[in-house]
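Enquirer: Right, I'll just put the structure down here and ask away after.
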Amino acid sequence: MSVVGVPPMQCFATNPQEGDLMKITSVGHAVSLFLVITFLICIVWGLETPPSLHMHPAWQDLLPGFEFGTLPGFLIGLVESYLYGWYIAILFVPLFNFFNRNSSAQK
């Protein structure tokens, strides 16, 4: 149990024969939401600061179809940010599990 009485998120599936393995769904959702929240913070930053401090040129380079200040561009940015999180998880989790399995086999 955690401090507030809610069990901590289970990001690892414990298999006694293979060590601790990451679960792709937990990591996928966590990274995706992290990127969506970061995207939203940058959009708010762009709406509240002078143009010289805007972050949207970076988003336009990283997110195809994103255009700052339009509803379709905003929605495309949200969806693509979420999908990039899954892209990272799909690559990272199997690599982590592979190396984690190999390192625990060498012990």
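Enquirer: Is it true that residue 35 is over 25 Å from residue 100 (Cα atoms), without any contact (Cβ under 8 Å) to a residue 60 or more places away in the chain and under 17 Å from the mean Cα position of the chain (by Cα)?
Expert: Yes, satisfied.
Enquirer: Separate question: Before we move on, is residue 68 at pLDDT 95 or above, surrounded by 13 or more Cβ atoms within 10 Å (Cβ to Cβ) and not acidic (Asp, Glu)?
Expert: So residue 68 fails the test.
Enquirer: Tell me, which residue of the stretch 71-101 that is under 15 Å from residue 23 (Cα atoms) and not hydrophobic (A, V, I, L, M, F, W, C) is surrounded by the fewest Cβ atoms within 10 Å (Cβ to Cβ)?
Expert: First pass over the stretch 71-101, keeping only residues under 15 Å from residue 23 (Cα atoms): 85-101.
Now narrow it down to the ones that are not hydrophobic (A, V, I, L, M, F, W, C): 85, 87, 94, 97, 100-101.
Working: 85: 20, 87: 15, 94: 13, 97: 19, 100: 16, 101: 15.
If we take residues in the stretch 71-101 being under 15 Å from residue 23 (Cα atoms) and not hydrophobic (A, V, I, L, M, F, W, C), then 94 is surrounded by the fewest Cβ atoms within 10 Å (Cβ to Cβ).
Enquirer: Further question: Please specify each residue of the stretch 45-56 satisfying the condition of being part of a helix (DSSP H, G or I) and surrounded by 10 or more Cβ atoms within 10 Å (Cβ to Cβ).
Expert: 45, 46, 47, 56
The values are calculated or read from the model by the stated rules, or taken from the named source; none is laboratory data. Bear in mind that the values here come from a model prediction, so they are computed numbers and not experimental data. All Cβ positions, glycine included, derive from the backbone under ideal geometry; neighbour counts span all protein chains shown.
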